[in-house]
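The values are calculated or read from the model by the stated rules, or taken from the named source; none is laboratory data. Just so it is clear, the structure is predicted and the values come from calculations on it, not from any experiment. Cβ placement follows ideal geometry from the backbone for every residue including glycine, while neighbour counts extend to all protein chains displayed. Side chains are part of the model used for accessible areas, which takes the heavy atoms of the whole protein and leaves out ligands, DNA and RNA. Shrake-Rupley method; radii C 1.70, N 1.55, O 1.52, S 1.80 Å.
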Amino acid sequence: MRQIDHHMTGGAPASARSGDVFDPNNGGVQAQVALGDAALLDKAVSAAQAAQPAWAATNPQRRARVMFKFKELVEANMDELAHRLSSEHGKVIADSRGDVQRGLEVIEFCCGIPHALKGEHTQGAGPGIDVFSMRQPLGIGAGITPFNFPAMIPMWMFGPAIATGNAFILKPSERDPSVPVRLCELMLEAGLPEGILQCLHGDKEMVDAIIAHPAIGGISFVGSSDVAHYIYSNGTANNKRVQAMGGAKNHGIVMPDADLDQVVNDLAGAAFGSAGERCMALPVVVPVGEDTADKLREKLIPAINGLRVGISTDEEAHYGPVVNEAHKERVEGWIQKGVDEGAELVIDGRGFALQGHEDGFFIGPSLFDRVTPDMESYKEEIFGPVLQMVRANSFEEALALPSQHQYGNGVAIFTRNGHAAREFAARVNVGMVGINVPIPVPVAYHTFGGWKRSAFGDTNQHGMEGVKFWTKVKTVTARWPDGSPDGGPETNDAFVIPTMG
Ligand code: NAD
């Protein structure tokens, strides 16, 4: 059976434990991934410590050149990366390309790192005194990533961390570990020195070792909220800088004046694309008014019934299988829960079998109507191809739903009314807002991050927030006396807190 090893300087010693990597299209195990421990992390950290000072001292333009070269290499290897990604994750090839491309856009931002790293300077802040600031790397950073974007999210993290002069240890999801390893190989091929980017596989044991390691200065995490909270609280208790992005339950508000054909098209992609395994999916639709709800439902039913579920290499498929059997059971369990709680299951995607791939982890699309905010299946993240309709009577009622939900990652409003959209964007208690945009993932030079239980820590991913997260500010106050006898302060002044007054 194929083995997927750690990617580390000096080669990886054999790991005592390993995990199964499935082929979601067929249901079998396709590879074994090594699962590391604290001793392995120590070895990687030593290599990182040896390499990082010289990398931090390399001028930012040279560091940017590695990013340029890496971008070219990823583009040249796009087909191979997308196929690998789909074979372990299950998303369709076009979507895997999007996963790689969205990560590359962060790398493109990092190509401009010399500009982003420039500090501030004040000439003559006091008599003969200049003040300037510089951004210095944390030293060694670590990234712990989820299964659902195995290319984009590692690049969100290692791009800014490395461009700003850190060494980086990536602990990707053990469910689809091949693409992260390949990205590390391409970074080396692009000219990155050994020791600056290493990929260690593992589960909780490796994560706990990262949280405890005294030489790791910052941890970036993306995954489910309970784990995000665990890593945030334990990492910060160990004096590390931590940003931890968690789960989501994004709502799409449909105003009575919205273009319903456009909404149905957008919703189908945003709710069911990637089998709903996106933190920026739109699994909840909130039509405003019974009339809007009835019309929307009428249009949604044929659109959802027309979705094609297929293997990830099927170019006609709208979405593929979910990542593994356990997740399939979990999603189907939530569908049953919705039925038990009294929601109306309009389309039932359970029991779906794809001919020739009966053991694959496929789930057909499901639609619920008359979901209410007290239901557990509404409060929790399902992370599958399930769309829940919650009917609202007014704009205010619709605005309150995402605002009061425990998650606050993304939200969208569909309307032709600029005033309603403007009010909604300003008042909704959610971190990322789409106006007639169903998946409002900000572009790479803005920043990504949710609110409430969707993110712990106060610095977002990528853009200038990424640069800030991976660096510390140092501020220098400098005076160069002219050497003449009256060039220094009066004797007594030395005992008084200096002011610029
Ligand atoms: P997950 O929390 O199960 O795993 C994420 C990472 O944490 C993996 O590397 C895993 O090995 C590790 N991990 C898992 N359990 C752990 C534990 N008990 N202790 C320590 N580490 C542990 O998440 P997932 O299933 O891989 O990804 C899906 C989740 O990620 C969803 O909740 C989704 O909404 C979320 N997500 C959020 C964002 C965002 O930006 N907010 C983006 C993508 C995915």
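Values for this structure:
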{"read-out": "Cβ pairs under 9 Å, 6+ apart, first in the stretch 424-449 and among the charged types (D, E, K, R), second at pLDDT 95 or above", "value": "ARG427/LEU399; ARG427/SER403"}
{"read-out": "Subset of the stretch 97-118 (residues that are closer than 16 Å to GLU80 by Cα and basic (Lys, Arg))", "value": "ARG97"}
{"read-out": "Qualifying residue in the stretch 285-305 (condition: buried (at least 23 other Cβ atoms within 10 Å of the Cβ) and within 16 Å of the ligand (Cβ to nearest atom))", "value": "no"}
{"read-out": "Every pair of residues 6+ apart whose Cβ atoms lie under 9 Å, when the first sits in the stretch 75-90 and is at positive phi while the second is polar (S, T, N, Q) and assigned to a helix (DSSP H, G or I)", "value": "GLY90/SER274"}
{"read-out": "Out of GLY273, GLY269, sole residue that is within 16 Å of the ligand (Cβ to nearest atom), part of a helix (DSSP H, G or I) and at pLDDT 95 or above", "value": "GLY273"}
{"read-out": "Residue tally, condition more than 11 Å from the ligand (Cβ to nearest atom), assigned to a loop (DSSP other than H, G, I, E, B) and either at pLDDT below 95 or under 15 Å from LEU170 (Cα atoms) (or both), over the stretch 216-244", "value": "2"}
{"read-out": "Matching residues, the stretch 311-327, being outside any loop (DSSP other than H, G, I, E, B) and touching a Pro at 6+ places or on another chain (Cβ under 8 Å)", "value": "TYR319"}
{"read-out": "Given (1) touching a strand residue (DSSP E or B) at 6+ places or on another chain (Cβ under 8 Å); (2) surrounded by 23 or more Cβ atoms within 10 Å (Cβ to Cβ); (3) within 30 Å of ALA14 (Cβ to Cβ), number of the condition GLN32 does not satisfy", "value": "(2)"}
{"read-out": "Residue, farthest from ALA303 (Cα to Cα), within the stretch 337-358, restricted to residues that are surrounded by 15 or more Cβ atoms within 10 Å (Cβ to Cβ) and of a type in the set (Asp, Glu)", "value": "GLU341"}
{"read-out": "Residues within the stretch 460-495 that are exposed (fewer than 10 other Cβ atoms within 10 Å of the Cβ) and either modelled with pLDDT of 85 or more or not in a loop (DSSP other than H, G, I, E, B) (or both), tallied", "value": "7"}
{"read-out": "Whichever residue in the stretch 331-374 is acidic (Asp, Glu) and in a strand (DSSP E or B) and, among such residues, is nearest to the chain's Cα centre (by Cα)", "value": "ASP369"}
{"read-out": "Qualifying residue in the stretch 277-284 (condition: in the same structural domain as ILE140 (by TED's automatic domain parsing), basic (Lys, Arg) and within 16 Å of the ligand (Cβ to nearest atom))", "value": "no"}
{"read-out": "Per-region count, the stretch 63-77, residues touching a helix residue (DSSP H, G or I) at 6+ places or on another chain (Cβ under 7 Å) and basic (Lys, Arg)", "value": "2"}
{"read-out": "Output for the stretch 257-278, where each listed residue is touching a Pro at 6+ places or on another chain (Cβ under 8 Å), open to solvent by 10 Å² or more (accessible area, probe 1.4 Å) and not acidic (Asp, Glu)", "value": "GLY269"}
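Yes/no per residue for (1) buried (at least 17 other Cβ atoms within 10 Å of the Cβ); (2) of a type in the set (Lys, Arg); (3) not assigned by TED's automatic domain parsing to the domain that holds SER312:
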position	(1), (2), (3)
ASP20	no, no, yes
PRO24	yes, no, yes
LYS43	yes, yes, yes
SER46	no, no, yes
